[in-house]
1. Looking at the stretch 6-229, send over the antiparallel percent of its DSSP beta bridges, to the nearest 5.
2. Go ahead and estimate [θ] at 222 nm for the chain from helices alone: -39,500 (n - 2.57) per DSSP H run with n ≥ 4, summed, over the residue count, rounded to 500.
3. Sort 165, 219 so that the residue with the fewest other Cβ atoms within 10 Å of its own Cβ comes first and the one with the most comes last.
4. For a paramagnetic label modelled at 7 Å from the Cα of residue 65 toward its Cβ, which residues of the stretch 119-145 fall within the zone defined by backbone nitrogen distances under 16 Å?
5. Pull out the extension gain between residue 53 and residue 76, defined as 0.36 nm times the separation in residues minus the alpha carbon to alpha carbon distance; nm, one decimal.
6. Can you list the aspartates and glutamates whose alpha carbon is less than 14 Å from that of residue 134, not counting same-chain residues fewer than 8 positions off?
7. Hey, got the Cα dimensions of the chain along the principal axes, in Å, largest first?
8. DSSP H helices in the chain with Cα extent of 18 Å or more along the helix axis and mean Kyte-Doolittle hydropathy at least -1.0?
Amino acid sequence: MPVVPSPAATLILVRERGGLPEVLLLKRGAQARFMPNAYVFAGGAVDPADATEEVYEACAGLDDNQASGRLALPANGLRFFVAAIREAFEECGLLLAYDPADRIVDLTGWDEARLRGLRAQVCAGQLGLAAICKLHGWRLAVDRLAYFDHWITPANLKRRFDTRFFIARAPALQNASLVGDEMSDLVWRSAAEALAGHSSGELLLMHATRTILGEIARFDHIDALFAFAQGTRKILPTLPGSGTA
């Protein structure tokens, strides 16, 4: 029997370099069970804690009905937005959240050890985003995420994911960094540079990542990319063949 794919969420974080979109890629560890050594966007499986009443109340700009509508789901769509934000914070330390003044939170003044400890607690399930938001008066900036793509991994795999891809501008007053051993490297590259790196053997990119980077490479300015991402379009799930890598 084919494995039922687990719901997952991925966040493509983009910053500007001379107007050009530059994407954050994280290298999975050599011992990872899924896609070892591959450079990927931040993301992972949706957790039960991503769909609690408390975390939904901490979301800004979207409720579950609106989020579900954007994903063409009957309900529980907001959990994908929350999971994307949580995974990005865990894996690269970038947190899409508003402070009490409705600005994206500034983490540059935080003690690095304190911030790493906070991320480790979130990763271990010891502390949730709802509790962090309540403590600091923050709200999750789910309204900053644009729904970008939808992929379901092939039916022959032992680990399968039904993944919603989102795209957002990287917070300006935060620094990407690694914590733990899930990821071994992080790089910022334009989509064209990343694809060239794959061709040269510098970066291992899986099929879905390459395809999405190919879409991003069409845009020579970050504003054009986000105008497209935030526009109205129908997104259907991509189900690659079993031989796709």
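A short reminder: the numbers here are calculations on the coordinates, not readings from a lab. Quantities reported herein were computed from a predicted structural model and do not represent experimental measurements. FYI the Cβ positions are ideal-geometry reconstructions off the backbone, even for glycines, and counts take in every protein chain you see.
1. Details: 26 of 36 bridges.
So the antiparallel bridges in the stretch 6-229 amount to around 70 percent.
2. Numbers: 8 runs with 75 residues, N = 245.
Computed ellipticity for the chain at 222 nm equals -9000 deg cm²/dmol.
3. Details: 165 25, 219 18.
The fewest-first ordering by Cβ neighbours comes to 219, 165.
4. none
5. On the way: separation 23, 0.36 × 23 = 8.28 nm, distance 1.11 nm.
Answer, rounded to one decimal: 7.2 nm.
6. Answer for residue 134, where 14 Å is the Cα cut-off: 53, 54, 57, 99, listed by chain and number.
7. Projected onto the principal axes, the Cα atoms of the chain cover 47, 42, 38 Å.
8. Span-like helices in the chain: 78-92.
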